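These notes concern the structure reproduced below.
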Amino acid sequence: MGESLVITSGKGGVGKTTTTANLGTSLALLGRKVALLDADIGLRNLDVVMGLENRIVFDLVDVVEGYCRLKQALIKDKRFEGLYLLPAAQTKDKTAVSPEQMKGVVGELKEEFDYVLIDSPAGIEQGFKNAVAGADRAVIVTTPEVAAVRDADRIIGLIEAAELPAPKLIVNRIRPSMVKKGDMMDIDDMLEILAIELLGVVPEDEMIVVSTNRGEPAATLQGSRAGEAYRNIARRIQGEPVPLMSLEAEGGLLKRLKKLMGFSS
Amino acid sequence: MLDLLNKVFPKDNRSKDIAKERLRLVLVHDRASVAPQFLEHLKGDLIEVISRYMEIDDKGTEINLTSGEESVALVASIPIKRMKRHAGTW
């Protein structure tokens with residue numbers, strides 16, 4: 001029996017879908033069987049981020065309405081052993097699926113997969129409630145901005161009200177150089193304000209744009225800092241204690257000196 | 001040296017401190033208004049505690065959060081009917 005995680009945030013545009021795609025890919029690279037479930041009915045995007053948009057035949061709503069079996073709607077990602085996507089419907093709206101039906105689909109997926117990652121829509125309405133309905137635990141994604149952290153706080157309250165275990169936080173798109181200057185909230189600021197445990201930190205990385213353009217998750221790229229961060233988070237999800245990576249800007253003078261002197265980690 | 005640094009880069013001007021402070025204030029409000037009956041519960045508890053010391057008009061009691069520029073305050077208006085007579089030492 002596998003485990004289901006919902007990736008959610010409240011605010012849109014903080015990187016839920018990118019996070020879902022990269023964590024799913026990373027877990028598959030670690031040898032896990034993973035199902036990605038796009039719960040954003042009407043505004044699906046996980047298929048595009050994964051580069052699987054041309055392979056959709058059936059979707060979540062088709063499964064729920066009985067037009068096809070679950071196995072028929074699952075798209076196998078041929079690049080990564082054990083990785084599958086269940087796309088959202090694009091032409092229906094959020095009321096096409098009920099929380100009970102969502103629980104059913106996720107339950108069925110958990111029988112086959114080690115991990116079911118549910119990509120939640122933004123907001124706190126029915127789509128969000130559906131996404132949370134089938135989840136065993138929740139991962140909150142935020143960025144170091146007032147609006148995103150504020151919405152994360154609201155979501156944490158709703159996750160608690162749904163009686164899920166205490167959620168964990170991913171801080172996305174952090175810019176170490178701005179944090180250093182005092183022009184961006186640092187991790188401790190956000191953890192203190194939200195009173196939440198940290199799952200990981202993902203630095204701002206242009207490679208994310210490039211990899212999304214190509215439909216190839218950055219987690220597969222060895223040179224990507226964000227990809228490395230996502231791979232670390234995937235290992236933490238599995239229960240491995242992986243230390244946070246240093247957020248020192250690459251090629252900084254101190255880092256280069258340390259490297260020269262053999263102190264580099 | 002540190003003094004000099006603080007003068008050149010005053011802490012208050014760091015935008016992250018402004019962000020933190022704004023966030024702190026907005027969350028006080030969000031959390032209070034989002035939790036159902038938050039203020040009603042607080043009001044009930046306050047009346048219970050204060051009633052041990054004085055007789056108050058619980059129907060006339062009002063409790064609100066008000067925000068100024070840099071702080072959020074809990075403002076309570078609690079009309080007293082009568083002080084209780086106490087035997088003496090506390």
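The values are calculated or read from the model by the stated rules, or taken from the named source; none is laboratory data. Treat the numbers as computed from the prediction; the structure is a model and nothing was measured. Please note: Cβ atoms are built from the backbone with ideal geometry, for glycine as well, and neighbour counts cover all protein chains shown. Remember, those area values only see protein heavy atoms, side chains included, never the ligands or the DNA or RNA. Shrake-Rupley method; radii C 1.70, N 1.55, O 1.52, S 1.80 Å.
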| request: Could you look through the range A:132-161, keep only residues that are open to solvent by 50 Å² or more (accessible area, probe 1.4 Å) and more than 14 Å from chain B (Cβ to nearest Cβ), and pick out the one that is nearest to A:I7 (Cα to Cα)? | output: A:R137
| query | When only residues in the range B:53-70 that are assigned to a loop (DSSP other than H, G, I, E, B) and touching a residue at least 12 places away in the same chain (Cβ under 8 Å) count, which is farthest from B:M83 (Cα to Cα)? | reply | B:E70
| When the residues of the range B:18-48 are filtered to those that are open to solvent by 50 Å² or more (accessible area, probe 1.4 Å) and modelled with pLDDT under 75, which remaining residue is farthest from the other protein chains (Cβ to nearest Cβ)? | B:P36
| So which of B:S15, B:S71, B:S51 is at pLDDT below 90 and open to solvent by less than 80 Å² (accessible area, probe 1.4 Å)? | B:S71
| request: Evaluate the following for A:G215: is it modelled with pLDDT of 95 or more and farther than 20 Å from A:E197 by Cβ? | output: yes
| For the range A:1-74, list the helices (runs of 4 or more DSSP H) that sit wholly inside it and hold at least 2 residues that are open to solvent by less than 10 Å² (accessible area, probe 1.4 Å); which are they? | A:16-29, A:46-50, A:60-64
| request: Could you figure out which of (1) open to solvent by less than 10 Å² (accessible area, probe 1.4 Å); (2) farther than 30 Å from A:R79 by Cα; (3) without any contact (Cβ under 8 Å) to a residue 24 or more places away in the chain isn't true of A:S224? | output: (2)
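Name the single residue that is nearest to the other protein chains (Cβ to nearest Cβ) among those in the range A:165-185 being open to solvent by less than 30 Å² (accessible area, probe 1.4 Å) and in contact with a strand residue (DSSP E or B) (Cβ under 6 Å, 6 or more places away or on another chain). Steps first, please.
Initial filter on the range A:165-185 (open to solvent by less than 30 Å² (accessible area, probe 1.4 Å)): A:167, A:169-172, A:174, A:182, A:184-185.
From what is left, the residues that are in contact with a strand residue (DSSP E or B) (Cβ under 6 Å, 6 or more places away or on another chain) are A:167, A:169-172, A:174.
Working: A:P167: 16, A:L169: 14, A:I170: 18, A:V171: 13, A:N172: 16, A:I174: 12 Å.
Here the answer is A:I174.
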| task | Can you give me the number of residues within the range A:187-215 that are open to solvent by 40 Å² or more (accessible area, probe 1.4 Å), more than 18 Å from the chain's Cα centre (by Cα) and in contact (Cβ under 8 Å) with a residue 40 or more places away in the chain? | result | 1
